[in-house]
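Some notes on the structure that comes next.
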Amino acid sequence: MNKLEAGLRGISGVHVTPYDAAGEVDVAATRRIVSRIAQAGIHNIVSAGNTGEFYSLTDDEVSRIHAAAIAGAEGRSLVTASVGRSLRQAIATARQAKLAGADALMAHHPRDPFAAPAAQADYFIALAEASELPVVAYCRSETMSVADLCRIAAHPNIPAIKYAASNPIRLAHCVRQTQDVDIIWVCGLAEGWAAPFYSVGARGFTSGLVNVAPGLSLAVWQALEAGDYERARRLVDAIGTFEDMRTKFENGTNVTVVKEAMGLSGTEVGPVRLPGVPALDAEDRDILRQLIASWPAEHLLASA
């Protein structure tokens, strides 16, 4: 558990899901990508997260991706296997992840349009009760009450909450009310939100940038751990355009930008599956190319 907590306080890098020419999951490419992210020093690799297009994958594909990520990491980084959809599906996928050798689970926020806020908290707790692996709760809802978030935090098999709502004041309330609980509040909104979240008590952050420039992500984390907010701000400024591009079309290009950046850097991973945006237009691709060229080469992920 100490190793897990240390990893969760670091960078939780969410790897992409590469596809072959036929549009099928490329397991060998997944292993290679994860291997390079682990080699770069990313603390915790999240497999089949949102940057991994979880909701575009079948349950079988998710389990195969988990196994490929675990094989690629080779113990150099923690591997957190993402699960979700119905509670029964999440529990079944969690069992497969345990057999494959995952270190922990990350439970996606329930997407059911009729999910009540308190029942969403019950979902995370029920999964934690059923799982042999520790569960990181991915909380994205602005409607879930502070009391329900604290109820999730109090569960002994939930070591961390990935807080992904853009409300640091509300997060501060959660941190204040769980001071006596062994819980890590992780910034679930990547590098751009990490500094304000750190300032109210979060530790660690999620990242899709690690697929392209893990060195930049690590530099942000190191600055925040040292309390050097000015340096962290300058580094976040350098990736601001990258993150802004990912928010276009109501985040429809979130994964598209990451995958195209990988292709421009020498690692082809195939297009994004629908309903994400499959490809960028020529203008945005040119902006992305210039942006990557402006980053120090030593910060970029090694190409294939």
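Within the chain, what's the longest run with no GluC sites (Glu not before Pro) in a DSSP loop and at most 14 other beta-carbon atoms within 10 Å? Give the range, please.
Values: sites that count: E24, E74, E132, E142.
It runs 143-304.
Arranged from highest to lowest average of other beta-carbon atoms within 10 Å per residue, in what order do the peptides 117-124, 209-216 appear? It would help to have the intermediate numbers written out before the result.
Values: 117-124: 18.8, 209-216: 25.9.
Put in order of decreasing packing, that is 209-216, 117-124.
Rounded, prolate or oblate, given the Cα gyration tensor of the range 154-241, with a/c below 1.5 counting as rounded? Intermediate values should be presented prior to the final figure.
Numbers: a/c = 2.13, a/b = 1.76, b/c = 1.21.
Since a/c reaches 1.5 and a/b is larger than b/c, the shape of the range 154-241 is classed as prolate.
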Exercise for review: Collect residues whose amide H, placed 1.01 Å from N in the peptide plane, falls under 5 Å from the amide H of I184; neighbours closer than 5 in sequence don't count.
Suggested key: A160, I161
Practice item. Fewest Cβ neighbours within 10 Å first, please rank H108, H15 accordingly. Key: H108, H15
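Quick check on the range 21-73: take the gyration tensor over C-alpha atoms, sort the square-rooted eigenvalues as a ≥ b ≥ c, and tell me if it's rounded (a/c under 1.5), prolate or oblate.
Values: a/c = 2.02, a/b = 1.54, b/c = 1.31.
Prolate, since a/c reaches 1.5 and a/b exceeds b/c.
For the chain, what value does the Rg/Rh ratio take when both radii are computed over Cα atoms and Rh is the Kirkwood radius, given to two decimals? Walk me through the intermediate numbers first.
On the way: Rg = 17.9 Å, Rh = 19.1 Å.
Taking Rh as the inverse mean 1/r over Cα pairs, Rg/Rh reads 0.94.
State the volume of the convex hull built on the alpha-carbon positions of the range 40-98, expressed per residue in Å³ and rounded to an integer.
Details: hull volume 4.4 nm³, N = 59.
Here the figure is 75 Å³ per residue.
Assuming R0 = 41 Å, can you tell me the calculated FRET efficiency for the pair A116 and D244, based on Cβ-Cβ distance, to the nearest 0.05? Show your work: numbers first, answer last.
Numbers: r = 34 Å, r/R0 = 0.82.
Plugging the Cβ-Cβ distance into 1/(1 + (r/R0)^6) gives 0.75.
Any read-out appearing in this document is the output of simple, stated calculations on the displayed coordinates, not a laboratory observation. Only a predicted model underlies this, so the values are computations on that prediction, with no experimental measurement involved. Glycine gets a Cβ as well: all are built from the backbone with ideal geometry, and neighbour counts include every protein chain shown.
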